[in-house]
Amino acid sequence: MFSNKLITINNPKSPIAEAYRILRTNIHFSVLNKPLKTLLITSAGCGEGKTLTVANLGVAFAQAGEKAVLLDCDFRKPGLHTVFGQSNNKGLVDIILGRLPLDLGLKNVGIDGLKLITTGSVPPNPVELISSNRTKEFISDLAEMFDIVLIDTPPVAPLTDAALMASNMDGVLLVVAQSKSKIAMVQKSKELLLNVNARIIATVLNMTDDPGEDYRYYNYG
């Protein structure tokens with residue numbers, strides 16, 4: 001069963017769902033010289049809504065007729081499997097280590113055009129795995145198979161995982177919770193990403209202080 005926060009499925013005509021569709025369109029227009037195939041989504045700190053952003057954005061791409069795959073690389077606190085009501089017994093780690101064929105690792109979530117790869121087994125050293133050539137090659141292979149690969153990573157400020165991956169991605173989305181994020185942490189996160197030559201294509205402003213609605217607003221650039 002889907003999480004009730006998967007708004008693009010549960011309430012597709014809502015302003016929030018429309019905001020995700022607008023974000024999808026703007027992502028396409030953010031890169032004109034070549035198709036954007038790999039998109040890393042991270043946040044400054046914990047609990048800012050990056051995983052739900054990945055999930056709803058993936059649904060928005062699939063609803064537009066594109067083949068999308070969601071890749072959970074948040075080994076510290078995986079969450080995509082919960083959003084889609086899937087198990088997390090085996091996944092990315094097992095595929096990378098040769099213990100699980102890709103076709104068995106690609107989970108059907110009940111939405112046409114959308115696949116999910118969960119984290120799977122807990123790796124002894126997440127940083128080593130996430131920065132390995134095998135992981136880079138695997139993501140490149142996914143980019144050949146799908147129209148877009150959406151990658152959920154840990155927050156960038158407290159951990160190095162996202163920054164290590166970001167330089168190899170076509171683009172990065174930084175999710176910022178207005179009601180939670182501290183300006184200093186957001187600035188630090190942007191600096192960490194820019195220091196590895198990451199291309200930040202958008203900042204997603206989440207959890208805005210609106211007394212009536214829990215809308216998400218998106219700033220581009």
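Values quoted throughout were computed directly from the atomic coordinates according to the rules given, and no laboratory measurement underlies them. The model shown is predicted, which means the values in this text are computed figures rather than measured ones. With ideal geometry, Cβ positions are generated from the backbone for all residues, glycine too; neighbour counts draw on all protein chains shown.
Structural remarks
- For the range 14-29, 3J(HN,Hα) computed residue by residue from phi via the Karplus equation (6.51, -1.76, 1.60; θ = phi - 60°) reads 6, x, 5, 4, 5, 4, 5, 5, 5, 4, 4, 5, 5, 4, 4, 7 Hz, glycine and proline entered as x.
- When the range 1-153 is described by a simple charge dipole with +1 on each Lys and Arg Cβ and -1 on each Asp and Glu Cβ, the residue from 113, 85, 102 located farthest towards its positive end is 85.
- Debye log10 I(q)/I(0) for the chain, one point scatterer per Cα, at q = 0.10, 0.11, 0.12 Å⁻¹: -0.39, -0.48, -0.58
- Listed residues 15, 78, 124, most fluctuating in the chain (Gaussian network, C-alpha, under 10 Å): 124
- Long-range HN-HN contacts of residue 206 with modeled amide H, under 5 Å: 176, 177, 178
- For the chain, calculated [θ]222 nm from helices alone, where every DSSP H run of n ≥ 4 adds -39500 (n - 2.57): -10500 deg cm²/dmol
- Between residue 168 and residue 194, the contour length at 0.36 nm per residue exceeds the alpha carbon distance by 8.1 nm.
- The phi torsions of the range 128-136, fed into the Karplus equation with coefficients 6.51, -1.76 and 1.60 and a -60° offset, translate into couplings of 5, 5, 5, 9, 6, 5, 5, 5, 4 Hz, rounded to whole numbers, with Gly and Pro shown as x.
- Between 44, 163, 184, the GNM of the chain built on Cα springs shorter than 10 angstrom shows 184 fluctuating the most.
- q = 0.12, 0.14, 0.16, 0.23 Å⁻¹: log10 I(q)/I(0) that the Debye formula gives for the range 18-121, counting C-alpha atoms only: -0.42, -0.57, -0.74, -1.32
- Evaluating 6.51 cos²θ - 1.76 cosθ + 1.60 at θ = phi - 60° for every residue in the range 102-108, the Karplus couplings come out as 4, 5, 8, x, 7, 8, 7 Hz, glycine and proline recorded as x.
- Spatially proximal lysines relative to residue 188 (Cα-Cα < 16 Å; intrachain offsets below 8 disregarded): 180
- The trypsin sites (Lys or Arg not before Pro) of the range 128-190 meeting both criteria, a DSSP state outside H, G, I, E and B (loop) and at most 14 other C-beta atoms within 10 angstrom of the site's C-beta, are 182.
- Entries in 50/115; 13/77; 34/67 that, when Cα-Cα distance is taken, lie over 21 Å: 13/77
- The packing ranking of peptides 116-122, 164-170, 98-104, highest mean first, is 116-122, 164-170, 98-104, where packing means the average number of other beta carbon atoms within 10 angstrom of each residue.
- Nearest-0.05 FRET efficiency for residue 77 and residue 184, computed from C-beta distance (R0 25 Å): 0.65
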